[in-house]
Amino acid sequence: MAGPSPQADPRAELRELAPWQRPLRADFPIVAANPELAYLDSAATGQKPRQVLDAVYTYLTTSNANAGRGSYPWANATTALVAGAAERVREFLGDRSAKAEAGAGAGRGAAGPSSVHFTGGTTEGLRTVARDWLPQLLRDGDEIVVPFGDHRANLDPWLEARDLLAARGVRIAVRELPCQAGTGDYDARALAALAGPRTRFVAATHVHHVYGADMNVHRIREAVGPDVPICLDAAQSVGHQPVSAADLDVDFLVFSGHKALALPGTGAVWARGERGPAFRPGGWAGTPNTAGIASLAAALDWLEAAGVERIARWTAALASVLTDGLSRMPAYEVLGCRSSLAAGTAVQRRGSIVTFRHQGIGSQDLGFILFSHGFMVRSDDHCQAGRDPRDGSVRVSLHVYNTLEEMEKLLTALAKLQ
Ligand code: PLP
């Protein structure tokens with residue numbers, strides 16, 4: 001699903017949304033306690049609203065036990081909490097079978113039209129798909145198509161799967177998911193030309209973690225046809241913009257709970273279970289992160305009550321203010337999707353991430369300087385596949401707690417550094 005269309009005047013949009021945003025910002029204790037600091041690193045991990053912290057406290061002080069074992073009330077409550085959280089994830093991701101199937105498919109690898117498997121984050125989720133599901137799908141001579149310039153978490157596991165299969169005498173080819181020069185957007189036409197009868201699987205990213213672009217993944221299904229399973233890294237979209245697994249027509253949707261305002265060490269794999277072998281994460285899973293899972297359900301409740309569509313509008317408007325300001329300062333280069341921004345199209349737009357470089361100041365230094373002004377940004381290679389770690393940039397990534405005032409102060413600080 002593409003995010004909302006960019007508005008003509010982001011400041012007007014922010015003024016309109018301000019009465020909605022203000023009380024939401026007040027929900028974040030760490031933000032309220034540090035008014036002199038601006039947290040601009042939400043693509044790495046999000047801050048946590050009080051309601052999420054309360055849910056964890058309530059769980060741990062009323063019914064903490066292990067899940068799926070034991071039959072006393074606290075154990076039963078914890079088992080129900082995990083199943084309920086899986087159901088919550090399915091609903092939140094627009095899984096249309098969720099309501100009809102309430103109760104079924106919840107938990108680890110249960111049978112059903114879709115299932116939810118809790119993980120520690122997107123990296124673990126993608127690796128689980130690559131290790132426990134992909135090898136069953138592939139035969140000697142098959143091909144998979146994966147992104148070479150997105151997050152390493154969405155490349156390394158597929159290469160590891162190839163090597164694992166090679167060790168068993170099954171040779172598969174890993175092809176690069178083609179991108180358009182200039183925008184960084186996936187090139188659906190080139191993908192259609194590349195995909196052949198041996199193409200068995202495609203991995204893609206929903207929103208790019210460096211360029212902030214919606215990668216137009218809805219075009220991938222068209223390009224590869226109805227039978228090829230698609231695995232989507234949705235680390236930068238879930239919790240930031242409306243996401244519908246049904247509309248995107250993907251088979252796996254993998255995300256980090258901690259980037260969607262839940263506790264660190266949380267995430268999930270949603271698996272459709274219709275194309276390819278059943279997804280059964282392997283081996284004995286041990287004790288799940290029950291407090292983290294409680295936090296994830298609470299975070300999704302909080303996001304839904306706040307309104308994910310409005311969160312997307314808010315952060316896109318803040319990002320527009322920042323990119324507009326930066327585009328007037330010749331010392332800075334904004335990375336990614338510039339031509340599409342100018343075109344003002346509804347797709348291939350910047351969501352909540354703006355990444356840039358200064359012509360004369362190294363990105364690490366710029367990060368330190370910005371922190372001395374109270375701005376917490378990320379300044380490195382952002383774990384982007386194929387990048388030299390020295391090839392850094394400064395990334396500003398936003399969430400609902402960020403404000404226009406923060407963007408204006410940041411632009412003032414950046415202007416002084418010209
Ligand atoms: N994929 C993308 C697009 C990301 O931005 C990130 C995190 O930065 C990851 C994967 C890895 O997520 P996690 O650290 O939760 O494993």
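The values are calculated or read from the model by the stated rules, or taken from the named source; none is laboratory data. In this text, all values refer to a predicted model and were calculated from it rather than measured experimentally. As a convention, Cβ positions derive from the backbone with ideal geometry for all residues, glycine included, and neighbour counts pool all protein chains shown. Accessible surface areas use protein heavy atoms only, side chains included; no ligands, DNA or RNA. Shrake-Rupley method; radii C 1.70, N 1.55, O 1.52, S 1.80 Å.
Note down the relative contact order for the chain as a percent, whole number, built from C-alpha pairs under 8 angstrom at least six residues apart. Write out the running numbers ahead of the final one.
Numbers: 860 pairs, mean separation 99.0, N = 418.
Rounded, it is 24 percent for the chain.
For the chain, what does -39500 (n - 2.57) per DSSP helix run (n ≥ 4), summed and divided by total residues, give at 222 nm, in deg cm²/dmol to the nearest 500?
Values: 16 runs with 168 residues, N = 418.
Dividing the helical sum by the residues of the chain leaves -12000 deg cm²/dmol.
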Exercise for review: Measure off 7 Å from each Cα along the Cα-to-Cβ vector at Ala18 and Arg96, then give the distance between these two points in nanometres to one decimal.
Suggested key: 4.1 nm
Review point. Ranked highest first by average number of other Cβ atoms within 10 Å, how do 25-33, 244-252 line up?
Key: 244-252, 25-33
Revision key, fill the gap. Checked against the positive end of the charge dipole of the chain (+1 on Cβ of Lys and Arg, -1 on Cβ of Asp and Glu, about the Cα centre), the farthest of Tyr72, Pro330, Gln236 is Tyr72
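Sorting Cys231, Cys383 by accessible area (1.4 Å probe), largest first, what list results? Display every interim value, and only then the final one.
Values: Cys231 0, Cys383 45 Å².
The residues order as Cys383, Cys231, largest area first.
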Practice item. Sort the following peptides by mean Cβ neighbour count (other Cβ atoms within 10 Å, averaged over residues), highest first: 363-376, 164-177, 147-160. Key: 147-160, 363-376, 164-177
Revision key, fill the gap. Taking 0.36 nm per residue of separation between Glu309 and Ala26 and subtracting their Cα-Cα distance, the length gained on full extension comes to 99.9 nm
Exercise for review: Taking the Cα centre of the chain as origin, sum charge times position over the Cβ atoms of Lys and Arg (+1) and Asp and Glu (-1), and report the length of that vector in debye to the nearest 20.
Suggested key: 280 debye
Check your understanding: aspartates and glutamates near Lys48 by alpha-carbon distance under 15 Å, same-chain residues fewer than 8 away left out - which ones?
Key -> Asp27, Asp301, Glu304
Check your understanding: Reachable aspartates and glutamates from Lys409, Cα under 15 Å, same-chain residues fewer than 8 places away excluded?
Key -> Glu36, Asp324
Practice item. Would you kindly find the accessible area of Tyr57, with a 1.4 Å probe and non-protein molecules such as ligands, DNA and RNA excluded, rounding to the nearest 10 Å²? Key: 150 Å²
Revision key, fill the gap. Averaged per residue, the 1.4 Å probe accessible area of the chain, protein heavy atoms only, in Å², is roughly 40 Å²
Revision key, fill the gap. Share of accessible surface on carbon and sulfur in region 53-304, whole %, 1.4 Å probe and ligands ignored, is 53 percent
**Study point:** Which of Leu137, Ser114, Trp270, positive extreme of dipole for region 53-304 (C-beta unit charges)
**Key:** Leu137
Revision key, fill the gap. On each of the three principal axes the extent of the alpha-carbon atoms of the chain, given in whole Å and largest first, is 58, 55, 35
